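Following this message is one structure expressed as structure tokens.
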Amino acid sequence: MTSTASSRGTTVSTTDLALIATFAALIAVCAVSTALPFGVNGVPVTLQLFAIFLAGAVLGAKRGFFAVVLYLVVGASGLPIFAGGSSGIAQFSGVTGGYLFAFPFAALIVGLAVERAHRRNVAVTAGVVIAGGIVAETLVWLVGATGISLYADTPLWATIKSSFAYVPADLAKLAAAAVVAAAVHRAFPALLTRGR
């Protein structure tokens, strides 16, 4: 396995880079191919958050965070991989801007949670991922609603309440990500250790 040395003496393996790129691509596919236009406040419904939860849950905090950042950088540079095939830096100041800013931190939180459950049984891993995901979902929900409120100039509390419509579906995505991640870690128990 080859690795690239940084100026601080740490290494990033080609496997890490490949996993980060793969999960960035998965997030893009879930954002573009599943976008449904009937979301609340102009925000489409996608499977994007499933892929973000999964990135943190499978890759851990650091690699999950960077997978989402890579996705955002590529989308901001013009590749149409944001929800509904949109792209560009303007998306960060639009109706979905708050969600985009919160996504890397959602993966980070879920990744930190799964790292605490490392090498335990499938049920514990899934439960810890769900617990971390609930914290991450709360962050995404609040930051996303704040972004909508600022963009649309609507009252914050009213926007937060209307955005709550996304939460049940997001929790289902989280549960699915937890089950998939637990199965992945059962099959590849050293996956998280290599990413630290």
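Each value in this text was obtained by applying a stated rule to the coordinates, not by laboratory testing. This one's a predicted model, so the numbers in the text were calculated from it and none came from an experiment. Glycine gets a Cβ as well: all are built from the backbone with ideal geometry, and neighbour counts include every protein chain shown.
Might you report the magnitude of the Cβ-based charge dipole of the chain about its Cα centre, with Lys and Arg at +1 and Asp and Glu at -1, to the nearest 20 debye? If you can, show how the numbers build up before the last one.
Values: 11 positive and 5 negative charges, 135 e Å.
Once rounded to the nearest 20, the dipole reads 640 debye.
Could you tell me which of 150, 87, 164 has its Cα farthest along the dipole of region 80-189 towards the positive end, charges placed at Cβ (Lys, Arg +1; Asp, Glu -1), taken about the Cα centre?
So the residue we want is 164.
GNM on the chain, C-alpha springs below 10 Å: top fluctuator among 184, 128, 95?
Result: 184 has the largest fluctuation of those listed.
Just how large is the dipole of region 94-172 about the Cα centre, in debye to the nearest 20, putting +1 at every Lys and Arg Cβ and -1 at every Asp and Glu Cβ?
Dipole size: approximately 300 debye.
Any idea which of 103, 48, 189 is furthest toward the positive side of the dipole for the chain, if Lys and Arg beta-carbons carry +1 and Asp and Glu beta-carbons -1?
Positive-most Cα among the choices belongs to 189.
Right, something else. For n ≥ 4 DSSP H runs only, could you compute -39500 (n - 2.57) per run for the chain, divide by its residues and tell me the 222 nm figure to the nearest 500?
The helix contribution divided over the chain gives -22500 deg cm²/dmol.
As I understand it, the value is the acute angle between the Cα axis of helix 97-116 and the longest principal axis of the Cα atoms of the chain; what does it come to in degrees, rounded to 10?
30
Next question. What angle, in degrees between 0 and 90 and rounded to the nearest 10, separates the Cα long axis of helix 48-59 from the longest principal axis of the Cα atoms of the chain?
20
While we're looking at this one, here's another question. Quick one: helix 61-76 against the long Cα principal axis of the chain, what's the angle to the nearest 10°, folded into 0 to 90?
With both axes taken from Cα atoms, the answer is about 50 degrees.
Relative contact order for region 44-143 using alpha-carbon pairs under 8 Å, separation at least 6, rounded to a whole percent?
31
OK, next. I'd like to compare 58-64, 44-50, 27-33, 15-21: which one has the highest average count of other Cβ atoms within 10 Å, and what's the full order after that?
Those peptides, ordered most packed to least, come out 58-64, 44-50, 27-33, 15-21.
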